[in-house]
Amino acid sequence: METVSTNEDTGKGAMWELEKSLDQPMDAEAGRLRNMYREKTYPTVLMLQLAFQSLGVVFGDLGTSPLYVFYNIFPEKIEDTEQIIGALSLIIYSLTLIPLVKYVFIVLRASDNGQGGTFALYSLLCRHAKISIIPNQHKTDEDLTTYSRQTYDEKSLAAKIKRWLEGHQFRKNVILILVLFGTCMAVGDGILTPAISVLSATGGIKVEEPRMGNDVVVIVSVVILIGLFSMQHYGTDKVSWLFAPIVFVWFILIGVLGAVNIYTYDRSVLKAFNPIYVYHYFKRGKTSWASLGGIMLSITGDRSTVC
């Protein structure tokens, strides 16, 4: 009763107190949300866990490439040992430089508050330049989300590119078509690559079992693919935990076998770490340049690259 009488005396009831608590400036909340991404810190254990999981979803296909890379590089004959060392040197520096340049300096920097992909980058581009078909540069969106925009000097390269993109509707449509085309390519690769890889792996059984017919290979491949795609709805986290230990054991085995064979048979193969052999390899002429398709298998893991 005392509480009610107090509220009556002041002329302010409980509803007024609720409205007062709700009717607060959103500056603090907006600032907290805007800085949400920058405030994230990840412990070392979590980073190691994510690195281990990446073995199952990123490096699995790459780890099987050594099985057929050299077969596709030299489909006819090998002239001498230096040719093998040159091809191996080119593979080593392809695996080193392409991830370094592509992922470390480009992909990891091309993100929308940590989100990657064609649509995320297109959304980021649309917030900086008025090239979107649907308006998306509302002030309220910037205040209440992490999608803040930056300002550039009028004479900077970014400002010039922005004006060029906004100058004609045709350029806006081309960018949208490229985004849709890139997304379709990613989806297509996600469908075709597993099918080709599984079919190739199953077909490899025929090496040991020549009596195995093509119809059996197709049926077994279909069963495996159905099982793989049926697990996708569990999410990348659970799928990676399933395949990461398998890929990890595979890497340990091929690493140990490689070290033992290098120590036992020919240690001169370590000369491939010298990039001068890449230069000598290309000096051989047309044959070396024609083998680049096979060397690309070492960084794609997809046999269809040279098909």
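The values are calculated or read from the model by the stated rules, or taken from the named source; none is laboratory data. Note that the structure is a prediction, hence the values are computed from the model and not measured. Note: ideal-geometry Cβ built from the backbone for every residue, glycine included; neighbour counts use all protein chains shown. Surface areas here come from the heavy atoms of the whole protein model, side chains and all, with no ligands, DNA or RNA. Shrake-Rupley method; radii C 1.70, N 1.55, O 1.52, S 1.80 Å.
With +1 on the Cβ of every Lys and Arg and -1 on the Cβ of every Asp and Glu, and nothing else charged, how large is the dipole of the stretch 159-242 about its Cα centre, in debye rounded to the nearest 20?
700
Heavy-atom accessible area of Ile205 with all protein chains present, probe 1.4 Å, nearest 10 Å²?
Around 80 Å² of this residue is reachable by solvent.
Could you state how much accessible area Tyr122 has, in square angstrom rounded to the nearest 10, with a 1.4 Å probe and all protein chains kept in place?
30
Simple spin-label model, 7 Å along Cα-to-Cβ: Lys77 to Ile177 in nm?
If labels sit at Lys77 and Ile177, their model points lie 4.9 nm apart.
Amide H to amide H, which residues 5 or more places from Asp112 or on other chains are under 5 Å from it, using H placed in the peptide plane?
Distant-sequence amide H within range of Asp112: zero hits.
Using a 1.4 Å probe, how large is the accessible area of Lys162, given in Å² and rounded to the nearest 10?
Accessible surface of Lys162 is approximately 80 Å².
Using a Förster radius of 51 Å, what is the FRET efficiency between Phe119 and Tyr265 based on their Cβ-Cβ separation? Nearest 0.05, please.
E between Phe119 and Tyr265, to the nearest 0.05, is 0.50.
Which entries of Lys77/Lys283; Lys102/Lys238; Lys102/Lys130; Lys102/Lys162 have Cα-Cα distances beyond 21 Å here?
Lys102/Lys238; Lys102/Lys130; Lys102/Lys162, as the Cα separations exceed 21 Å there.
Give, in nm to one decimal, the length gained when the segment between Leu253 and Met231 is fully stretched (0.36 nm per residue of separation minus the Cα-Cα distance).
5.3 nm
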